[in-house]
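What follows is a short report on a single structure.
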Amino acid sequence: MSMTSAEIREAFLSYFAERGHTRVSSGSLIPGNDPTLLFTNAGMVPFKDVFLGDEKRDYNRATSSQRCLRAGGKHNDLENVGYTARHHTFFEMLGNFSFGSYFKREAIEFAWDFLTKRLELEPGKLWVTVFTEDDEAYDIWAKEIGVPEDRISRIGEKDNFWSMGDTGPCGPCSEIFYDHGEDVWGGPPGTPEEDGDRYIEIWNLVFMQYNRQADGTMLSLPKPSVDTGMGLERIAAVLQNVHSNYEIDLFQALIKDAAAIIGTDDLDNKSLRVIADHIRSCSFLIVDGVQPSNEGRGYVLRRIIRRAVRHGSMLGAPTPFFSKLVGSLVAQMGSAYPELAAKQQVIEDALRREEEQFARTLERGLAILSDAIADLDGKVLPGDLAFKLYDTYGFPLDLTADIAREKELTVDEEGFNKAMNEQRQRAQQASNFGVDYNAKIKAQSVSDFTGYDQLTGDSQVVELFRD
Ligand code: ATP
Ligand code: MG
Ligand code: MG
Ligand code: MG
């Protein structure tokens, strides 16, 4: 069965609505009630207090398609983008949730029924995992659903035991994988080759069973609950018979438009995939109120934009190009997310400003980096070089690392941090002279970078940071 992303989203939500789940619309990428969490990274985040029992709602089953970001904090897939077929910074997570209403058996039955009956996936292509000690889930899969035992594996805590944090609700989980077939490299879950693109995890069912106490004891929850998450882009790839998320309808449209704006016809280029990924995360971060800055969430946004600009530059893109892609994104996602369409202008303005600013120093920074790479002995880029690129040319560390990785090099992060600390100390000393250089330095140097030519007026400030 071939379905568009929009049809799949609707099929999922209506399937669960028909089974007593209240449809809840996607919350913001910025968690409203949790300062400890950088971004909404899963569908359950907006329901956290309901799971904890701290908040009551007038339903005990819910379904949503939640926008998620994994580009910082506990879950960070930024480094995977462009390298795997399945990871994005921004993606949509389809979920069904039970707040004490049903538990393992129904969760597994719903998932299996939806995949094999509603979406008509071939059962023989599905593989499942359960937590090592979870015999109950194992037996449901093996005896009630009838999945052959050679396609069920038991996996340890790292991948198959989920917890919200150090304390609170937690429990074993069960992941469902899809086999993309022999012509794709990779091995089934639990084997050393599992990180290939052949067996792709599509859905994770979390069985919230315990409440972990500060001393580590696990108490049974009075009302065991369920939290599930399925990546919309991954299931779309399956249904559209393609082996990479970047080949689905939505990404193909973004990639084609990006290629036209940039002026390339190399549609399989990795940089186009990165750009198509990054326009989504950057645009939705701005929709949710984040602006590029030097700290916290704003710095994550800045890092992603700069990465996109660098990938554009590799393709010979004009400046600006990234902000011009917003219209294409709105065409793809504006009807599912009216707030995106409503903020088109705000997004374009913010992206254009940032890319124009960075374009001024990008080429010079790249030239210095490629000279250094040509002269390099060994496989590690020195930390002080990475720091110079950061400080003088506005290269976030992960951008330098991304470039290094393409040349099979790594960056000396410790050296980078050392150089950063030394600079901070110099700034501290400068402030002791009785002149408030610090305010200026903070505003203009380390991260809010505009280039030395912009550091006008006070040559001492420039001197302090030149070496
Ligand atoms: P993986 O092992 O492939 O990195 P995960 O176990 O980290 O996935 P979960 O935290 O279980 O993922 O999230 C639930 C679902 O969300 C996954 O089964 C997958 O379909 C989807 N998903 C997770 N991370 C991403 C991502 N970076 N991009 C797109 N979809 C994702
Ligand atoms: Mg992951
Ligand atoms: Mg996983
Ligand atoms: Mg998982």
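Summary table below
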{"quantity": "Thr228 being under 21 Å from Lys158 (Cβ atoms), of a type in the set (S, T, N, Q) and in contact with a helix residue (DSSP H, G or I) (Cβ under 8 Å, 6 or more places away or on another chain)", "calculated": "yes"}
{"quantity": "Only listed residue being within 22 Å of the chain's Cα centre (by Cα) and not β-branched (Val, Ile, Thr), chosen from Pro292, Pro318", "calculated": "Pro292"}
{"quantity": "Matching residues, the stretch 289-324, being buried (at least 19 other Cβ atoms within 10 Å of the Cβ) and over 23 Å from Ile403 (Cα atoms)", "calculated": "Val290, Lys324"}
{"quantity": "Subset of the stretch 144-170 that is closer than 13 Å to Met208 by Cα and either among the polar types (S, T, N, Q) or within 13 Å of ligand 4 (Cβ to nearest atom) (or both) - its residue that is surrounded by the most Cβ atoms within 10 Å (Cβ to Cβ)", "calculated": "Asn160"}
{"quantity": "Which listed residue is of a type outside the set (Gly, Ala, Ser) and within 16 Å of ligand 1 (Cβ to nearest atom), from Trp141, Trp185", "calculated": "Trp185"}
{"quantity": "Qualifying residue in the stretch 387-397 (condition: buried (at least 20 other Cβ atoms within 10 Å of the Cβ) and among the hydroxyl-bearing types (Ser, Thr, Tyr))", "calculated": "yes"}
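This table checks each residue for (1) away from ligand 3 (no atom under 16 Å from the Cβ); (2) among the basic types (Lys, Arg).
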residue	(1), (2)
Phe91	no, no
Phe99	yes, no
Lys125	yes, yes
Tyr138	yes, no
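Quick grid of which residues meet (1) on the phi > 0 side of the Ramachandran plot; (2) at pLDDT 95 or above:
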position	(1), (2)
Leu69	no, yes
His75	no, no
Ala85	no, no
His88	no, yes
Met93	no, yes
Glu120	yes, yes
Val130	no, yes
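The values are calculated or read from the model by the stated rules, or taken from the named source; none is laboratory data. In this text the structure is predicted, and so the values were computed from the model without any measurement. Glycine gets a Cβ as well: all are built from the backbone with ideal geometry, and neighbour counts include every protein chain shown.
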